[in-house]
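Participant: This is the structure, below, for whatever I ask next.
FYI, it's all coordinate maths here, none of it is from the lab. If you're wondering where the values come from, they're calculated on a predicted model, not measured in any experiment. Every residue, glycine as well, gets a Cβ built from its backbone with ideal geometry; the counts of neighbours run over all protein chains shown.
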Amino acid sequence: MVEQAIPVNASRPAHGDAEAARLAVLRLLEQRPEMSQRELSEALGLSLGKTHYVLHSLLDRGLVKAGNFRRSGNKLAYAYVLTPSGMREKLRLTKAFLGRKEAEFEQLRRTIAALKGELPEGER
């Protein structure tokens, strides 16, 4: 699998968009399963509480599983791994997200064209 860095701005869900938040968490965990909730929170620009809620909803639905492993210094750490159903959900969310954004893009394109049409010829 070719690893791609997820641009920070691309992974930040819009405020109140729960589906986008789930997709962003799934994308980040697929790339970096060792991320802590605090790291996820910072990467996504979400509160720690919201990140905890989204992550646990994915765990409860069986889309992500948490495994633990020992680090040096006897600290316990977690790795969040996408399950096969988590991979399918990520694909579904990605398709839905792209569909919404493409529709928004087309509407924005029409709005821009209409606004440009309102400007005098020399002002465009």
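Participant: Using per-residue counts of other Cβ atoms within 10 Å, averaged over each peptide, order 108-117, 48-57 from highest down. Intermediate results must be reported in sequence, preceding the final value.
Facilitator: Values: 108-117: 9.6, 48-57: 16.1.
Going from most to least packed, we get 48-57, 108-117.
Participant: Taking the alpha-carbon distance from residue 65 and a cut-off under 17 Å, which aspartates and glutamates remain once sequence neighbours fewer than 8 residues away in the same chain are dropped?
Facilitator: 30, 34, 89
Participant: While we're here: How far apart, in nm, are the 7 Å Cα→Cβ label points at residue 53 and residue 100?
Facilitator: Once both label points are built, they end up 1.6 nm from each other.
Participant: Moving to a separate point now. Can you list residues whose amide H is under 5 Å from residue 64's amide H, if they're 5+ apart or on another chain and H is modeled 1.01 Å from N?
Facilitator: 59, 83
Participant: Classify segment 21-124: rounded, prolate or oblate, from the alpha-carbon gyration tensor (a ≥ b ≥ c, eigenvalue square roots; a/c under 1.5 rounded; otherwise prolate if a/b is larger than b/c)?
Facilitator: It is prolate, given that a/c is not under 1.5 and a/b is the larger ratio.
Participant: Can you tally the net charge around residue 124? Count Lys and Arg as +1, Asp and Glu as -1, for every other residue whose Cβ sits under 11 Å from the Cβ of residue 124. Let's see the in-between values first.
Facilitator: Working: positive: 116; negative: 118, 121, 123.
Residues near residue 124 contribute -2 overall.
Participant: Is the shape of segment 81-124 best called rounded, prolate or oblate, per the rule: a/c under 1.5 gives rounded, else a/b larger than b/c gives prolate, else oblate, with a ≥ b ≥ c the square roots of the Cα gyration tensor eigenvalues?
Facilitator: prolate
Participant: Taking K and R as +1 and D and E as -1, what net charge do the other residues with C-beta under 13 Å from the C-beta of residue 101 add up to?
Facilitator: Computed value for this residue: -2.
Participant: Which distance in nm do the two modelled labels at residue 111 and residue 92 give, with both placed 7 Å along the Cα-to-Cβ direction?
Facilitator: About 3.0 nm, to one decimal.
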